[in-house]
Amino acid sequence: MRFHLERALVEPGDTWMMSFDEPVPDFSQAQEIYRGEHTRVCLHPDRLALVSKLSIVQAVPRDPFRKYRYCQAAREIAAADVLVRLGLRTPTMRGFGYTLMPWARHESILFMDEFPPSRPLRFVFREDLSEPRRHGLLAGVATGLGRVYAAGYHLKDFHFENILSDRENRLIWIDNDLRHTNRYSLAARRFADALRRLHKTSERFLFTSEWHYLLDGLGRALNTSALGQHLAGKVLPRFRIDTSACHFDVF
């Protein structure tokens, strides 16, 4: 991985350490397609099919390790590599950079290919009541999530807005940030945390029967490793019986 300095990339006077071997886009022409509390996503008319994602600093001054070399963009690229190896579909990553000034407004920038036409699953499940489509999408989520946790990884901040569905109902996993452990107890706590968050953020648009359908698929997908079998036996039953009864201190 080669790095080089890039000045005045996004704003006058900024300095970036870049790992991006292509000509950088002209941000004065950038077309914003999404703005969140901590992110800004843009298309670039001067660079066909290129998307940039700017991560905005949440606290200053920044931690010198986590917010520089191991910044959000670098973590997303590393996570995408892992997920692709596990058989999941992610955006195609093209490079990243991070700012060098401790008081900079932006933390990092991620460059990737433009997505095909797609929508977050949260909106799909709210609006599409077709049972075959809903079950097909849930089966895909269960398979992907099971592969991740059976391999010892944990998806931070996992919810249905971070999975897209294209027109062919193929899933695209975005905004990924992974942690890994071989410790069964820690993996169980993390898996329970992920399921609790997923249930809380989806209970307004998933039927109870669909939640159990998702858990059934997860159980099958986890059965590919000893760790996965442990998670299926230790964690899933508590969420099947009572989704509010799973606490960290039971593991």
> Going by the structure shown, is residue 168 of a type outside the set (Gly, Ala, Ser), without any contact (Cβ under 8 Å) to a residue 24 or more places away in the chain and under 21 Å from residue 87 (Cβ atoms)?
Replying inline: yes
>> Tell me whether region 220-238 contains one or more residues that are touching a His at 6+ places or on another chain (Cβ under 8 Å), basic (Lys, Arg) and modelled with pLDDT under 95.
In response: no
> Of all residues in region 154-170, which are buried (at least 21 other Cβ atoms within 10 Å of the Cβ) and either small (Gly, Ala, Ser) or modelled with pLDDT of 95 or more (or both)?
Replying inline: 155, 160, 163, 164, 165
> Which of the residues belonging to region 1-22 are surrounded by fewer than 16 Cβ atoms within 10 Å (Cβ to Cβ) and hydroxyl-bearing (Ser, Thr, Tyr)?
Replying inline: 15
> Looking at 139, 187, 192, which is the one that is in contact with a Leu (Cβ under 7 Å, 6 or more places away or on another chain) and in contact (Cβ under 8 Å) with a residue 24 or more places away in the chain?
Replying inline: 187
> Given (1) in contact with a His (Cβ under 7 Å, 6 or more places away or on another chain); (2) modelled with pLDDT under 90, where does residue 54 come up short, assuming only one miss?
Replying inline: (2)
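The values are calculated or read from the model by the stated rules, or taken from the named source; none is laboratory data. The structure displayed is predicted, hence computed values, not measured ones. Cβ: placed from backbone, ideal geometry, glycine included. Neighbour counts: every protein chain shown.
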